[in-house]
Each structure stands twice: as structure tokens, then as C-alpha cells.
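The block underneath contains the structure these notes are about, expressed in C-alpha cells.
The values are calculated or read from the model by the stated rules, or taken from the named source; none is laboratory data. Quick caveat, the model's predicted, so the values are computed rather than measured. Ideal geometry is used to build each Cβ from the backbone, glycine not excepted, and the neighbour counts take in all protein chains shown.
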Amino acid sequence: MPSKPKYKIIDNVLTEEEFQKIETFLTGANIAWYFQKDIAKKNETTDDFYFTHMFYKDYETRSNNISLLQPILNILNPKALIRIKANLYPNLGKMIVNGIHTDYPFKHNGALFYINTNNGHTILEDGTKIQSKKNRLLLFDSSKKHRSTHCTDQMMRININFNYF
């Protein structure tokens, strides 16, 4: 008997209008992106980096634009939020596979919402590669090991990471 996949992919999860509002904000000039030198592990010595925009963390809203994410939250229907953050991985001229990690060391739900189509991907613990495709939602257990990549065919790779119960 084949084993049940440990993840779920929903393509074209939002309407075009809902998606455009989120994409416009994340790729526009009015978002504050914050430099992060550690992608997978604190104090990791690497040449790669990324930028984040925190929507929600530590029981409080961190972005005035969190309401843009309501259509995704309606789909996830969380009982409680842990964190919501957008990730921007710049094109560094080569395919970089970031370190393996878990988002939190306790059982919880994870979702990645992809903003743009590119040759970057998410690699799950079993080696499954999930391609970055715009308006795609990946549901998975982010307390299990996984890793991210940068991309080489677009200026950047953007996704939104949801951690919740």
C-alpha cells in the first residue's frame, strides 16, 4: 500500500485579484524588507543571505498589511498563529541550497505561499522538491526538516511562511 504524501499542494489557491494584492505589496516600493545573514541556523557562516518581512510573531501583529493575508488565513483556518513572515531570496548568480532546518522544535502546521514562479524550490526531509510557482500553497509539517533555495532565473524568489496550530 503506497504511503500517504506528507504534504499537500494547492495551485491557483487565490483568485487573481486576491493574489495580485499580495504580489503588488511584496514586490512594490512600500514594503520594509529586513536583511538576515542566517537562513537556516544562527551564526551559520555562509556567503548567502535573504530578507524578511514579519507579519506576525510572538503573539502580535508586526505588519500593518497583515489583512492582505486574510484569504490565505481563511483557507488555513488556524486555531492559533505562531509566525507569519515573507522571505525574499535574492538571485546571487548561482543556485544556493540553504541549510536543513525545522521552523520550530515542536509539532505544528506549516504552509508556504509562493509569490513568483522561478527555478528555486523547497526541499522536504525525504528529498521531495516543491517547485516555486506563483499562487501555489504548500501545506506540510514544518517541524520536520526541510530546506530552501535561492533561484537563478529571476531577480528574486519570494514566499510567505505560515506557522500555526
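Details
- When we screen 109, 119, 77, 135 for residues that are farther than 21 Å from residue 6 by Cα and of a type outside the set (A, V, I, L, M, F, W, C), the only hit is 119.
- If you filter region 13-60 down to residues that are in contact with a Phe, Trp or Tyr (Cβ under 6 Å, 6 or more places away or on another chain) and polar (S, T, N, Q), you find that the one that is modelled with the highest pLDDT is 52.
- Given (1) modelled with pLDDT under 95; (2) within 26 Å of residue 20 (Cβ to Cβ), number of the condition residue 138 does not satisfy: (1)
- Scanning region 115-165 for residues being assigned to a strand (DSSP E or B), in contact (Cβ under 8 Å) with a residue 24 or more places away in the chain and not charged (D, E, K, R) gives a total of 20.
- Selection of region 77-114 for residues being assigned to a loop (DSSP other than H, G, I, E, B) and small (Gly, Ala, Ser) yields 80, 93, 99.
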